[in-house]
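FYI, it's all coordinate maths here, none of it is from the lab. Because the structure is a prediction, the values reported are computed rather than measured. All Cβ positions, glycine included, derive from the backbone under ideal geometry; neighbour counts span all protein chains shown.
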Amino acid sequence: MNVRSKIFAPLETPRLHLRSFGVDDKDALVAQLKDPLISKQLAFVPHPYDASHAEAWIKDCARNPPGKIVGCRFAIERREDGSFVGGLGLMPRERAFELGYWLDRRCWRQGYATEAVGAALAFGLSVLAMQRIVAFVFMGNPASTRVLARLGFAYRGLEDSTTQSDASRKVLRYEFVRPE
Ligand SMILES: CC(C)(COP(=O)(O)OP(=O)(O)OC[C@H]1O[C@@H](n2cnc3c(N)ncnc32)[C@H](O)[C@@H]1OP(=O)(O)O)[C@@H](O)C(=O)NCCC(=O)NCCS
């Protein structure tokens, strides 16, 4: 967690509010990222995930280095009831930005990921002037590949995972290149 994000104004979608992470998100963040159905799909999540990881994540997200825009992370909140339901990030990698996201298991299959990631993608392109966005999906995650395909990401092939703990797993590379 040594790459830094910047704090931005919240983004609104019809059903979601994308905002900065805060200390009040800690318990729900632990519950979400302890869930093996979520964490096994996320290369950056330590196992087992506990409160100290959530605290470090929230602290890291709150850093706001002056002068340089390096990426963004958003907590996903449901507008209907104000509940914190997931997170996403667009962080620097390979002269591009790497997209990552998750949603609380109770909120799957309601179109929230497509809605949230679509808004963050538009923000990254228009406000942060991102040129190329990459996403890596472990094999066997059709929900995630569907989200990316719906948003216009192109499949670029199968690769070895670059995270040490997942070295034996293959990832599907997706890319989105800013239209001319
Ligand atoms: C990936 C994830 C964020 C998708 O969230 P979601 O809100 O359920 O996604 P959506 O409701 O927007 O669905 C997107 C599409 O995937 C499809 N889909 C969802 N779950 C699916 C499944 N298990 N199998 C096949 N398709 C699925 C939906 O039907 C939808 O397709 P459609 O628009 O053609 O109907 C969620 O499953 C998750 O948090 N998974 C664990 C973490 C993860 O995988 N993160 C991504 C790492 S690359």
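Karplus couplings for the stretch 90-102 from phi (6.51 cos²θ - 1.76 cosθ + 1.60, θ = phi - 60°), rounded to Hz, Gly and Pro as x?
10, 10, x, 6, 6, 6, 9, 10, 9, 9, x, 6, 7
Report, for the chain, the % of DSSP beta bridges that are antiparallel, rounded to 5. Numbers along the way, then the final one.
On the way: 33 of 35 bridges.
In the chain, approximately 95 percent of DSSP beta bridges are antiparallel ones.
Mind checking the full-extension length gain between residue 81 and residue 94? Use 0.36 nm per residue of separation minus the Cα-Cα distance, one decimal, nm. Please report the intermediate quantities before stating the final value.
Details: separation 13, 0.36 × 13 = 4.68 nm, distance 3.79 nm.
Contour length minus Cα-Cα distance gives 0.9 nm.
Give me the percent relative contact order of the chain, please, defined on Cα pairs under 8 angstrom at least 6 residues apart.
Details: 306 pairs, mean separation 36.5, N = 180.
20 percent.
By how many nm would the segment from residue 37 to residue 105 lengthen if fully extended, with 0.36 nm per residue of separation less the alpha-carbon distance? Can you show the working numbers first?
Details: separation 68, 0.36 × 68 = 24.48 nm, distance 0.79 nm.
Here the answer is 23.7 nm.
Show the residues, 5+ positions off or on another chain, whose built amide H is closer than 5 Å to the amide H of residue 35.
Hits under the 5 Å cutoff: none.
Compute a Gaussian network model of the chain, connecting alpha carbons closer than 10 Å, and tell me which residue from 134, 117, 147 fluctuates the most.
For the chain, modelled as a Gaussian network with Cα springs under 10 Å, the answer is 147.
Explain nothing, just compute: Karplus ³J(HN,Hα) = 6.51 cos²θ - 1.76 cosθ + 1.60, θ = phi - 60°, for every residue of the stretch 125-133 in order, whole Hz, x for Gly and Pro.
Once θ is set to phi - 60°, the couplings for the stretch 125-133 become 6, 7, 8, 9, 6, 5, 9, 9, 10 Hz.
Residues of the stretch 86-117 with backbone nitrogen within less than 13 Å of a virtual label 7 Å along the Cα-to-Cβ line of residue 138, please, listed as ranges.
none
Determine ³J(HN,Hα), in whole Hz, for all residues of the stretch 168-178 in sequence, where each value follows from phi through the Karplus function 6.51 cos²θ - 1.76 cosθ + 1.60 and θ = phi - 60°; x replaces Gly and Pro.
8, 8, 9, 10, 8, 8, 10, 9, 10, 10, 3
Please identify, among 41, 32, 110, the residue showing maximal mean-square fluctuation in a Gaussian network model of the chain using a 10 angstrom Cα cutoff.
Among 41, 32, 110, the largest GNM mean-square fluctuation belongs to 110.
Looking only at 130, 91, 139, which one moves most when the chain is put into a Gaussian network model with springs between Cα atoms under 10 Å?
Result: 139 has the largest fluctuation of those listed.
With a cut-off of 8 Å between alpha carbons and a minimum separation of six or more residues, what is the relative contact order of the stretch 75-180 in percent? Write down the numbers at each step before the final one.
Details: 148 pairs, mean separation 22.7, N = 106.
Relative CO of the stretch 75-180 lands at 21 percent.
Determine the calculated [θ] at 222 nm for the chain from helices alone, applying -39500 (n - 2.57) to every DSSP H run no shorter than 4 residues and normalising by the residue count; nearest 500 deg cm²/dmol. It would help to have the intermediate numbers written out before the result.
Values: 5 runs with 49 residues, N = 180.
Value at 222 nm, helices only, nearest 500: -8000 deg cm²/dmol.
In angstroms, what radius of gyration and Dmax does the chain have, counting Cα atoms only?
Calculated on Cα positions, Rg and Dmax stand at 15.3, 44 Å.
Mind listing the long-range amide H neighbours of residue 104? Cut-off is under 5 Å, sequence gap 5 or more, other chains count too, H placed in the peptide plane at 1.01 Å from N.
Residues meeting the criterion, in which the H sits 1.01 Å from N, are 86.
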